[in-house]
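Report on the following structure.
The values are calculated or read from the model by the stated rules, or taken from the named source; none is laboratory data. Being a predicted model, the structure only gives us computed values, none of them experimental. Because the Cβ atoms are built from the backbone with ideal geometry, glycine has one as well, and the counts that use them run over all protein chains shown.
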Amino acid sequence: MREQGARLPFGLAEVNGPSMVPTLYHGDQLLIRYGGQVRDGDVVVVRHPLQQDLLIVKRAVERRDGGWWVLGDNPFAESDSRMFGAVPDELLVARVLGRFRPPRGLRRSVTAAVGWAASAVRPVPARRVKAR
């Protein structure tokens with residue numbers, strides 16, 4: 001990412017924690033697009049409303065007064081809009097386009113390598129979710 005004036009339209013982010021399981025896992029690398037239109041169901045990177053130096057990855061569930069209602073895909077992880085309310089537009093950083101899952105415990109067999117390669121790079125599609 002460039003700092004002087006304009007920044008690149010695409011970037012990388014890393015998932016930290018279990019809030020987006022089963023869609024994303026701790027350690028997944030994300031291809032993100034800065035700016036652009038966000039629709040209901042998109043996975044987004046936002047600044048945490050209560051700790052703005054912290055970036056979090058959540059699903060934009062619906063537009064509400066005051067911004068986006070964002071939820072983690074893991075219903076047992078509660079650090080989302082249920083805790084801090086709607087996220088204002090100015091805290092929206094990027095939309096997630098895809099993920100790269102690094103190999104974990106990859107054995108040196110051809111079958112394991114092919115299996116990993118087939119699932120390692122995937123788009124992260126929008127998905128409709130009911131607000132909780």
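Go through region 34-46 and report how many residues are closer than 16 Å to R59 by Cβ and not in a loop (DSSP other than H, G, I, E, B). So the answer is 4.
Evaluating A94 against the criteria (1) assigned to a loop (DSSP other than H, G, I, E, B); (2) under 12 Å from the mean Cα position of the chain (by Cα) leaves one unmet condition, (1). Considering the conditions (1) free of Cβ contacts under 8 Å to residues at least 12 places away in the same chain; (2) under 17 Å from G11 (Cα atoms), L55 is excluded by exactly one of them, (1).
Per this entry, V45 is not counted among residues that are at pLDDT 95 or above, surrounded by 13 or more Cβ atoms within 10 Å (Cβ to Cβ), touching an Asp or Glu at 6+ places or on another chain (Cβ under 6 Å) and under 24 Å from G11 (Cβ atoms).
Among the residues of region 43-83, which ones are under 12 Å from the mean Cα position of the chain (by Cα) and small (G, A, S)?
A60, G72, listed by residue number.
D73 meets the conditions (1) among the acidic types (D, E); (2) free of Cβ contacts under 8 Å to residues at least 24 places away in the same chain; (3) part of a loop (DSSP other than H, G, I, E, B) in every case but one. The failed one is (2). From the list L31, L24, pick out the single residue that is part of a loop (DSSP other than H, G, I, E, B), surrounded by 15 or more Cβ atoms within 10 Å (Cβ to Cβ), among the hydrophobic types (A, V, I, L, M, F, W, C) and under 12 Å from the mean Cα position of the chain (by Cα). L24 is the lone residue from the list that is part of a loop (DSSP other than H, G, I, E, B), surrounded by 15 or more Cβ atoms within 10 Å (Cβ to Cβ), among the hydrophobic types (A, V, I, L, M, F, W, C) and under 12 Å from the mean Cα position of the chain (by Cα).
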